[in-house]
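The values are calculated or read from the model by the stated rules, or taken from the named source; none is laboratory data. Since we're looking at a predicted model, the values are computed, not measured. Counting neighbours? That spans all protein chains shown, and the Cβs are built from the backbone with ideal geometry, glycine included. Surface accessibility is based on the protein's heavy atoms, side chains included, excluding ligands, DNA and RNA. Shrake-Rupley method; radii C 1.70, N 1.55, O 1.52, S 1.80 Å.
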Amino acid sequence: MRDLVGGRVGTVTLTDTYAGVLIRGTISELGLGAHAIHIHAVGRCEPPFTTAGPHFNPENRKHGFRSPNGWHLGDLPNIDTPASGRLTFEFVLPGVTIRGKNALLDADGAAIIIHASRDDYVTDPAGDSGARAACGVITLAR
């Protein structure tokens, strides 16, 4: 994961499991408080990270866990950076695979984005989550 000026702010790994994609990460230097985190539809991370496209949403739903017409398959729970500035997190992204049905590694790939603010879990298309603060392209491990 890199911030808007190219500084490394963390690492994230994704693993296929029987329940979906397991996402494990560690971040720092993003500021205290809540931040939205989403999977985006395109594997590109040129600042200001709009090249990552919209949320990963192969089922064409509305955004947000609280939306009656939601949620995007790329929606994840907010993360909350503590006073230490370093956070380790782990999520399962159900209904998604790295390769296969609802695959992240399709023709144009995917990216993971951390936003400047929290996701309200309802406002379409991105939960009123503010600017894109950090980005990482999802790739196969080398």
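Of the strands (runs of 3 or more DSSP E) lying entirely inside the stretch 36-142, those carrying at least 3 residues that are not charged (D, E, K, R) are 37-40, 86-93, 111-115, 132-137. Summed over the stretch 51-64, the residues that are surrounded by 15 or more Cβ atoms within 10 Å (Cβ to Cβ) and over 19 Å from Arg132 (Cβ atoms) give a count of 3.
Checking each residue in the stretch 18-35 for being β-branched (Val, Ile, Thr) and either touching a Gly at 6+ places or on another chain (Cβ under 6 Å) or in a loop (DSSP other than H, G, I, E, B) (or both) picks out Thr26, Ile27. Tell me, yes or no, whether the stretch 127-134 has at least one residue that is open to solvent by less than 30 Å² (accessible area, probe 1.4 Å), at pLDDT below 85 and under 16 Å from Ala52 (Cβ atoms). Yes, that holds for at least one residue.
Residue by residue, here is whether (1) in contact with a Gly (Cβ under 6 Å, 6 or more places away or on another chain); (2) open to solvent by 30 Å² or more (accessible area, probe 1.4 Å); (3) aliphatic (A, V, I, L, M) holds:
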| position | (1), (2), (3) |
| --- | --- |
| Arg86 | no, yes, no |
| Val96 | yes, no, yes |
| Gly100 | no, yes, no |
| Leu105 | no, yes, yes |
| Pro125 | no, yes, no |
